[in-house]
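Participant: Please find one structure pasted underneath; my questions will follow.
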Amino acid sequence: MNDPVVLKLIDALGKEKVLIGEALKDRYVHIWKMDEPLVAKALFLPKTTDEVSKIMKICYEFDQPVCIHGGLTNLVGSTETQKDEVVISLEKMSNIIEVDPSARAITTEAGVILEHLQEAAKENDMLLPINFGAKGTAQIGGIISTNAGGLKVFRYGMTRKLVLGLEVVQADGTIISSMKKVIKDNSAYDLKQLFVGSEGTLGIITKAVLKLCESPKSRNSAFAAFNDYSKVIQFLKFMDANLAGTLSGFELIWQKSYQIMTGEGTGVRPPLPQKYNYYVLLESLGSDQSSDKDTLEKLLIQATEMEMILDATMAQTVADLDWFWGIREDVHALVKTCTFDQHFDVSIPIPQIGAYVEKTVEQLYQISGVTVVYPFGHMADGNIHFIVGKSTEDEALKLAINDCVYKDIKKLNGSVSGEHGIGLHKKKYLHLCRTDEEIDLMKMLKRSLDPKNILNRSKIFDL
């Protein structure tokens with residue numbers, strides 16, 4: 001390796017923290033593409049913020065493009081690389097620095113896996129409410145960088161709402177550190193929010209302080225079945241109004257998706273018969289298990305008597321809770337039925353979701369090459385996912401599917417990304433949910449903070 005920037009970085013970091021040549025063949029850009037070797041000049045494994053700063057100072061000096069890697073679970077191409085780029089992987093920055101139950105905060109390095117943070121919070125009788133299927137792989141730096149959502153957004157909000165403080169390395173190596181544990185800090189611009197959801201294009205998050213919540217003393221869940229989407233909306237409003245702020249999850253699964261998720265190949269029993277159009281999985285987190293369970297049961301009976309729901313069943317044990325939520329979290333059961341697949345996470349105003357999904361599914365099946373369509377998602381916060389099975393990876397087919405899913409987004413005043421971000425794969429469609437003026441302002445921020453355009457270049461938009 002004779003590349004001057006790589007040689008200088010090896011000298012600055014030490015050979016043990018740099019992978020080049022054949023060593024890159026064991027690396028990859030996504031956990032679903034582990035059979036495809038990483039294409040890059042080199043990969044760096046810093047252990048501290050200062051080392052990340054050293055890397056960026058040298059890269060800035062040489063105008064060297066950088067791609068940042070975390071848990072490699074993103075679904076929009078944010079970690080895809082080019083051969084002229086170097087990669088900074090934050091996996092070695094994996095220390096939980098402090099859990100402070102009194103301040104209700106947890107301080108962590110960026111490479112810590114979400115599940116480890118959840119466990120650390122739980123050991124201190126606290127709750128970190130960020131939760132989704134990739135919790136065993138996703139790293140908190142990437143989660144913050146993409147402003148990830150998940151299964152508890154309805155009650156606790158997106159990741160952004162839980163970030164109290166950040167430490168960030170800018171493109172030129174400058175370290176910006178504001179690691180506060182306070183919720184209220186109205187001292188001028190809230191700079192940390194610039195980096196939340198910026199997908200690594202404005203700076204590299206190396207540490208964070210996250211807000212914790214008091215651990216709930218009760219957890220109750222139920223499946224409910226419907227044939228009419230308007231009844232789903234009615235049920236959401238009814239349960240939210242009567243559960244007194246304890247409703248924490250409200251997931252909607254369409255019939256086809258439910259049938260596969262609870263089919264013979266999964267080894268999972270369906271909690272309810274597979275004959276209904278819609279299935280809601282809800283969760284209530286409260287303070288008294290027995291009383292809260294009775295309340296939920298009475299509300300389900302009342303909703304049945306009011307002809308809101310056609311059928312329902314409650315989780316009676318912890319094993320039942322794992323069974324119910326395992327169904328929703330195991331989207332791989334859907335992926336396994338697809339030869340090739342495309343994933344979507346659109347946001348739509350709640351009243352329009354039913355008609356939008358029905359129309360989109362019907363039109364997707366009219367596209368030659370589409371084999372199956374699975375809708376499901378976080379209906380209570382307007383975020384719906386599609387997994388579209390297809391017969392080939394043909395680019396024209398991919399674009400036709402994209403156009404079908406996204407074509408009504410602007411008219412509905414929705415978003416092409418509810419929680420996954422934009423990355424490389426969605427930047428063509430950003431204009432459908434952001435005005436030209438908004439995009440111009442984003443580009444101005446990018447030029448201001450990264451004037452050489454070296455951080456995750458071409459992600460979100462081109463300059």
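The values are calculated or read from the model by the stated rules, or taken from the named source; none is laboratory data. As the structure is a computational prediction, the values presented were derived from the model and not from experiment. Cβ placement follows ideal geometry from the backbone for every residue including glycine, while neighbour counts extend to all protein chains displayed.
Residue by residue, here is whether (1) closer than 22 Å to residue 18 by Cα; (2) buried (at least 18 other Cβ atoms within 10 Å of the Cβ) holds:
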residue	(1), (2)
95	yes, no
147	no, yes
156	no, yes
162	no, yes
169	yes, yes
172	yes, no
178	no, no
184	no, no
195	no, yes
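Participant: Could we say that residue 309 is touching a helix residue (DSSP H, G or I) at 6+ places or on another chain (Cβ under 6 Å) and hydrophobic (A, V, I, L, M, F, W, C) here? Give the derivation first.
Facilitator: Details: touching a helix residue (DSSP H, G or I) at 6+ places or on another chain (Cβ under 6 Å): yes; hydrophobic (A, V, I, L, M, F, W, C): yes.
The answer is yes for residue 309.
Participant: Kindly evaluate residue 117 against the criterion of being surrounded by fewer than 20 Cβ atoms within 10 Å (Cβ to Cβ), hydrophobic (A, V, I, L, M, F, W, C) and assigned to a helix (DSSP H, G or I). If you could, list the steps in order and put the result at the bottom.
Facilitator: On the way: surrounded by fewer than 20 Cβ atoms within 10 Å (Cβ to Cβ): no; hydrophobic (A, V, I, L, M, F, W, C): yes; assigned to a helix (DSSP H, G or I): yes.
No.
Participant: Between a first residue in the stretch 273-294 that is assigned by TED's automatic domain parsing to the domain that holds residue 327 and free of Cβ contacts under 8 Å to residues at least 40 places away in the same chain and a second residue that is outside any strand (DSSP E or B) and not polar (S, T, N, Q), which pairs have beta carbons less than 9 Å apart while being 6 or more apart in sequence or on different chains?
Facilitator: So the pair list comes out as 274/258; 274/263.
Participant: Wholly within the stretch 140-247, which strands (runs of 3 or more DSSP E) include no fewer than the required count, namely at least 3 residues that are of a type in the set (Gly, Ala, Ser) and free of Cβ contacts under 8 Å to residues at least 60 places away in the same chain?
Facilitator: Details: elements: 163-169, 175-178, 204-211, 218-226.
So the answer is none; nothing clears 3.
Participant: Can you pull out every residue in the stretch 423-463 that is of a type in the set (Val, Ile, Thr) and either surrounded by 17 or more Cβ atoms within 10 Å (Cβ to Cβ) or within 23 Å of the chain's Cα centre (by Cα) (or both)? Talk me through it step by step, then tell me what you get.
Facilitator: Within the stretch 423-463, the subset of a type in the set (Val, Ile, Thr) is 435, 439, 454, 460.
Once the filter is applied, which keeps residues that are of a type in the set (Val, Ile, Thr) and either surrounded by 17 or more Cβ atoms within 10 Å (Cβ to Cβ) or within 23 Å of the chain's Cα centre (by Cα) (or both), the stretch 423-463 yields 439, 454, 460.
Participant: Same structure, new question: Given (1) among the charged types (D, E, K, R); (2) crowded, with 19+ Cβ neighbours inside 10 Å; (3) in contact with a Phe, Trp or Tyr (Cβ under 9 Å, 6 or more places away or on another chain), where does residue 207 come up short, assuming only one miss?
Facilitator: Just one mismatch for residue 207, condition (3).
Participant: Now for a different question. Among the residues of the stretch 24-43, is there at least one that is modelled with pLDDT of 95 or more, of a type outside the set (S, T, N, Q) and part of a strand (DSSP E or B)?
Facilitator: Yes.
Participant: Checking residue 404 against (1) more than 18 Å from residue 352 (Cβ to Cβ); (2) in contact (Cβ under 8 Å) with a residue 12 or more places away in the chain; (3) not hydroxyl-bearing (Ser, Thr, Tyr): exactly one of these is not met. Which one?
Facilitator: Looking at each condition in turn, residue 404 falls short on (1).
Participant: Being surrounded by 21 or more Cβ atoms within 10 Å (Cβ to Cβ), under 22 Å from the mean Cα position of the chain (by Cα) and not acidic (Asp, Glu) is the requirement here; does residue 389 meet it? Reasoning before the result, please.
Facilitator: Details: surrounded by 21 or more Cβ atoms within 10 Å (Cβ to Cβ): no; under 22 Å from the mean Cα position of the chain (by Cα): yes; not acidic (Asp, Glu): yes.
No.
Participant: Would you mind listing the strands (runs of 3 or more DSSP E) fully within the stretch 288-378 where at least 1 residues are on the phi > 0 side of the Ramachandran plot, buried (at least 17 other Cβ atoms within 10 Å of the Cβ) and touching a Leu at 6+ places or on another chain (Cβ under 7 Å)? It would help to see each step written out before you state the result.
Facilitator: Values: elements: 311-314, 340-347, 370-378.
Correct list: 370-378.
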